[in-house]
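Quick notes on the structure that follows.
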């Protein structure tokens, strides 16, 4: 069965989701609508050309009020109010909420009122959603009766699988992380006003900018036994894509860098195949652009002090990796058998 999907908010993640789906034709998902507060010609242009991921690997055309991708039509809507959308008429099975403009259940329910069956957030949501999921760690909690789910964040998807492996092998006492994140579109190119954060008034291209992070809350939500054991910092740096997670983690038994790298490498070949990677090559951030994995541990940077204090570095494409995890969550969720049995085949 092919499921009908709408993208709400066609920014960096929305565009990456569409491209990732084109590159994964095995997925039973079809983008049939995009809601974005822009015009069709601009949407087509930003689909066709992308500074980060290159030219679109297929044919893009704006015609007859529709966006055509490789001969398939996508309806374009430009509605600020979700209840004005025609999701019911379009038969939308799932809305991928990629606008980043809201994270509350009440607003998500407006998409359901417009006729969508389910909604998946592309960011951490409020605690009253049905589930927050990191694919590979807890996607088993998904249930076909759920309607509003969050795919967490790019940073959570990078860090939580690693913590899960370390906890099962060594035990994790506590830790501090620093996310070294590429610039984002809420930062100005030159100094300009920002709604609330004075640091975000500064030029993204000239400074390393500390920003607030909710990652510690995400760890507690996904791995409750580690709640309140982590503090997390976040800085933005003048690059357009690919980020890194710098981790300092106190383990509960003695180990060394070789054993840590070996257990993470084993997990990358087994439980987290395609989600977690380990590299020993001398690589830089740009080498991980367009990498679909949630995180790639740089084994050359692993250190252990005093047997139990682990220092590790993990790279991740904050756009492409997360877009692929959204698609993984969407597929798993939509394909779950209902009380009436498995989804019918085409």
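So here's what we get for this one:
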quantity: The one condition in (1) surrounded by fewer than 16 Cβ atoms within 10 Å (Cβ to Cβ); (2) not assigned by TED's automatic domain parsing to the domain that holds residue 38; (3) not in a loop (DSSP other than H, G, I, E, B) that residue 89 fails to fulfil; calculated: (2)
quantity: Residue under evaluation residue 41, criteria (1) within 25 Å of residue 89 (Cα to Cα); (2) without any contact (Cβ under 8 Å) to a residue 24 or more places away in the chain; (3) surrounded by fewer than 16 Cβ atoms within 10 Å (Cβ to Cβ); (4) within 24 Å of the chain's Cα centre (by Cα), criterion not met; calculated: (4)
quantity: Segment 115-144 - residue that is part of a loop (DSSP other than H, G, I, E, B) and free of Cβ contacts under 8 Å to residues at least 60 places away in the same chain and, of those, surrounded by the fewest Cβ atoms within 10 Å (Cβ to Cβ); calculated: 128
quantity: Sole residue being touching a residue at least 40 places away in the same chain (Cβ under 8 Å) and in contact with a strand residue (DSSP E or B) (Cβ under 6 Å, 6 or more places away or on another chain), chosen from 263, 314; calculated: 314
quantity: Flag if residue 169 is in the same structural domain as residue 290 (by TED's automatic domain parsing), surrounded by 14 or more Cβ atoms within 10 Å (Cβ to Cβ) and more than 26 Å from residue 8 (Cβ to Cβ); calculated: yes
quantity: Checklist (1) in contact (Cβ under 8 Å) with a residue 24 or more places away in the chain; (2) surrounded by 17 or more Cβ atoms within 10 Å (Cβ to Cβ); (3) within 18 Å of the chain's Cα centre (by Cα) applied to residue 47, failing item; calculated: (3)
quantity: Matching residues in segment 62-83 - criterion: being under 15 Å from residue 9 (Cβ atoms) and either modelled with pLDDT under 95 or assigned to a helix (DSSP H, G or I) (or both); calculated: 82
quantity: Subset of segment 22-42 that is in contact with a strand residue (DSSP E or B) (Cβ under 6 Å, 6 or more places away or on another chain) and assigned to a helix (DSSP H, G or I) - its residue that is farthest from residue 74 (Cα to Cα); calculated: 41
quantity: Residue selected from segment 270-280 under the condition touching a strand residue (DSSP E or B) at 6+ places or on another chain (Cβ under 9 Å) and over 15 Å from residue 325 (Cβ atoms), by the criterion surrounded by the most Cβ atoms within 10 Å (Cβ to Cβ); calculated: 278
quantity: Cβ-Cβ under 7 Å pairs, at least 6 apart or on other chains, segment 74-91 side within 23 Å of residue 61 (Cβ to Cβ), far side at pLDDT 95 or above and assigned to a helix (DSSP H, G or I); calculated: 75/90; 76/40; 76/43
quantity: Failed criterion for residue 185 (all others in (1) touching a residue at least 40 places away in the same chain (Cβ under 8 Å); (2) surrounded by 17 or more Cβ atoms within 10 Å (Cβ to Cβ) hold); calculated: (2)
quantity: Checking residue 97 against (1) free of Cβ contacts under 8 Å to residues at least 12 places away in the same chain; (2) surrounded by 23 or more Cβ atoms within 10 Å (Cβ to Cβ), the condition it does not meet; calculated: (1)
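The values are calculated or read from the model by the stated rules, or taken from the named source; none is laboratory data. Predicted, not measured: the structure shown is a model, and the values here were computed from it. Don't worry about glycine lacking a Cβ; one is built from the backbone with ideal geometry, like all the others, and counts go over all protein chains shown.
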